[in-house]
1. On a C-alpha basis, how far is the centre of segment 2-35 from the centre of segment 100-114 in Å? Whole number, if you could?
2. Which whole-number percentage describes the relative contact order of the chain, with Cα contacts under 8 Å and a sequence gap of 6 or more?
3. Which FRET efficiency value, to the nearest 0.05, do you get for K64 and T97 by plugging their Cβ-Cβ distance into 1/(1 + (r/R0)^6) with R0 = 35 Å?
4. Could you pull out the chymotrypsin sites (Phe, Trp or Tyr not before Pro) across segment 40-114 that fall in loop regions by DSSP (anything but H, G, I, E, B) with no more than 13 other Cβ atoms inside 10 Å?
5. How much of the accessible area of segment 1-46, in percent, comes from carbon and sulfur atoms when a 1.4 Å probe is used?
6. List, in order, the whole-Hz ³J(HN,Hα) value for each residue of segment 18-29 obtained from phi through the Karplus relation with A = 6.51, B = -1.76, C = 1.60 and θ = phi - 60°; use x for Gly and Pro.
7. Enter the accessible area per residue of the chain (Å², integer; probe 1.4 Å; all protein chains in place).
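The values are calculated or read from the model by the stated rules, or taken from the named source; none is laboratory data. As the structure is a computational prediction, the values presented were derived from the model and not from experiment. Note: ideal-geometry Cβ built from the backbone for every residue, glycine included; neighbour counts use all protein chains shown. When the accessible area is computed, the model is the full protein with side chains, heavy atoms only, and any ligands, DNA or RNA have been set aside. Shrake-Rupley method; radii C 1.70, N 1.55, O 1.52, S 1.80 Å.
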Amino acid sequence: QVRLVESGGGLVQTGGSLRLSCAVSGTIFSIKAMGWYRQAPGKQRERVAYSSSAGSTSYADSVKGRFTISRDNAKNTLYLRMVSLKPEDTGVYHCNTVPEYYDWGQGTQVTVST
């Protein structure tokens, strides 16, 4: 059974930074394209960052230059480094494959205050 466990969220002020982690178990993580997804209040879930199995990356325009996705295949862990956070970055952050295939984990809440 595949498990996705996100952590690292919290409450930060505008301009602050956070590093999210996603521990993946039950599948061969190293061969999976992975993404970080964000669900803001009242909005649909959107993908904000993508990592291919080889490590190439891409980002939503709204986070480009501020977020960095990375992965440690030895630890089966996906990361999202977020800097210069804005109130519009507030939401629940999830990881999943791209396209999303597995059941969603509980996510980790990120709240950016003004």
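1. Result: 9 Å between the Cα centres.
2. Taking the mean separation of contacting Cα pairs over the length of the chain, I get 36 percent.
3. E between K64 and T97, to the nearest 0.05, is 0.95.
4. Here the sparse-neighbourhood loop sites are Y101.
5. The nonpolar share, carbon plus sulfur, comes to 47 percent.
6. 8, 10, 8, 10, 9, 8, 10, 9, x, 8, 8, 4
7. 52 Å²
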